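The values are calculated or read from the model by the stated rules, or taken from the named source; none is laboratory data. All values reported here derive from a predicted model rather than from experimental measurement. Virtual Cβ from ideal backbone geometry, glycine too; neighbours counted across all protein chains shown.
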Amino acid sequence: MDARVCQGIGNIDMELLSSLSLEWTPAIYHSYFWDEKNDIFRHRLSASDGLPPYSQARIIELIARRLWKVRPFAKLWVSVDSPGEWYRRELRRLVKNKIGIMILPAENEFADLDQFEFLDTTLWQGNPGYPRVAQPFRIENANLKTGSPRVLRILARLKTGHTREITSLAGFSETHIRHLLKQLQAENLIEWKRIGKYEGWEIRTKGLRLVHRSWNLPKGAHFTQYRCEFRYAGERHRRVARLWRVWLEAAYPSVEIWESWTEVPLQKGIPDALAWGMHCGRETLFWLEVDSGHSSRKIMERNYRGRIKNAYAHAREWGIPIVFCLMGPPWVVDEFRWCLPRLEPGIAFIGHDWREFGKLPVYVFERWHEDLSQSQCRRENNSSHELSFDPKQYPPKSKKRITKIPKPKSNKPRFSKDLEEDRYRSWGEFEREE
């Protein structure tokens, strides 16, 4: 490569790579014919960063594009910290390789450059020297408590959310979440805002910049459509989806939830909520669809037949069991059973009334289970219990009667209809009448 070209690349190196937190390692690829020199940049990420695989794959592609512009012969090594295999396999499926990219667990090291996908065998032509990259993100440098970045990342994806919704997605206790939210508010990273009928939290621009820095997002990249939830939903629909994690933990005490996201793109389907964890010793996905019942039966049947086919395709491709749950009014859950095609192994279907929090039917693979009758009985029993206080001590508020003031009568002269019509008659009409 020409020396002037190398000098030009070195000048833009500061601008394009200065915002990225990468680890640089030079390596030599020993071949039978030649020894090839390569740059290896290591990018670290975690499944607990608050982003689904689709969003993390977009960040990897943005980093790879920056590297390709500055150092065309570089390789990207992605270290993924995740408790299971599904997250890494989904990243490998979604990432589009423009340069050599290798995705490995955080505890593994690579042996040689043959592990990179789409390895370019072009001879080394003079990459610039030591790259100028940013320091890794540390919580101590941001003056935040442990757990605050996780809450801030969740709010960056939700934009606005209530305390209970943030508690469910974070997996912490509500008392701890309240302390973290107060600390983030004192740092001017979030603010108190009215959301619908109730008060909630909204992330500020300062907090959003800090979250992008922690995600190692390139400076100036457009990431809003990949970060936020994909579809707009009603307030109750959105609240049930965001409480999916704590709902599962209350219904199945033996389940271990690692992460939970709302509005997650999965190939052709977008579940309202997706929880990823382990149950009965197996890595399991819990797929939630929330239906408010505003659509007709015909449209609902058409939509859910397509979503069920997507769930079957995911279960076969990943080789991972899926629990498909539908929540909504009782008539929607009862109608959903007619949308089920021939049941296949590896997936279980359950239905539940969305008015009863913390309860779910027992799931069995290749079966459909619902608990509408049990939910109705429990609701009737709860409504028949005596109240712990006397409702008569709280008399109803008296309604204020507002006396309407009559409008003043108009002083304009009134004319009869016949006189008005005679005024606008033409002289020809009077002549004809005579």
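Worth a mention:
- Single match in Arg342, Arg302, Arg355 (criterion: outside any loop (DSSP other than H, G, I, E, B), out of contact with any Phe, Trp or Tyr (no Cβ under 7 Å at 6 or more places or on another chain) and among the basic types (Lys, Arg)): Arg302
- Filter pass, Phe223 being assigned by TED's automatic domain parsing to the domain that holds Thr160, at pLDDT 85 or above and either on the phi < 0 side of the Ramachandran plot or surrounded by 22 or more Cβ atoms within 10 Å (Cβ to Cβ) (or both): yes
- Scanning region 196-204 turns up at least one residue that is modelled with pLDDT under 90, touching a helix residue (DSSP H, G or I) at 6+ places or on another chain (Cβ under 7 Å) and over 18 Å from Ser55 (Cβ atoms).
- Unmet requirement for Ile308, which otherwise passes all of (1) within 19 Å of the chain's Cα centre (by Cα); (2) over 20 Å from Phe172 (Cα atoms): (1)
Residue-wise test of (1) under 21 Å from Phe230 (Cα atoms); (2) without any contact (Cβ under 8 Å) to a residue 24 or more places away in the chain.
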position: Phe286; (1), (2): yes, no
position: Gly293; (1), (2): yes, no
position: Ser296; (1), (2): no, yes
position: Ile320; (1), (2): no, no
position: Cys339; (1), (2): no, no
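- Selection status of Glu380, over 27 Å from Arg242 (Cβ atoms), without any contact (Cβ under 8 Å) to a residue 60 or more places away in the chain and not in a loop (DSSP other than H, G, I, E, B): yes
- Candidates Arg178, Arg194, filtered to the one that is surrounded by 11 or more Cβ atoms within 10 Å (Cβ to Cβ), without any contact (Cβ under 8 Å) to a residue 24 or more places away in the chain and either under 16 Å from Ile154 (Cα atoms) or not assigned by TED's automatic domain parsing to the domain that holds Arg239 (or both): Arg178
- Candidates Asp272, Asp291, filtered to the one that is within 26 Å of Val95 (Cβ to Cβ), assigned by TED's automatic domain parsing to the domain that holds Pro345, among the charged types (D, E, K, R) and in contact with a His (Cβ under 9 Å, 6 or more places away or on another chain): Asp272
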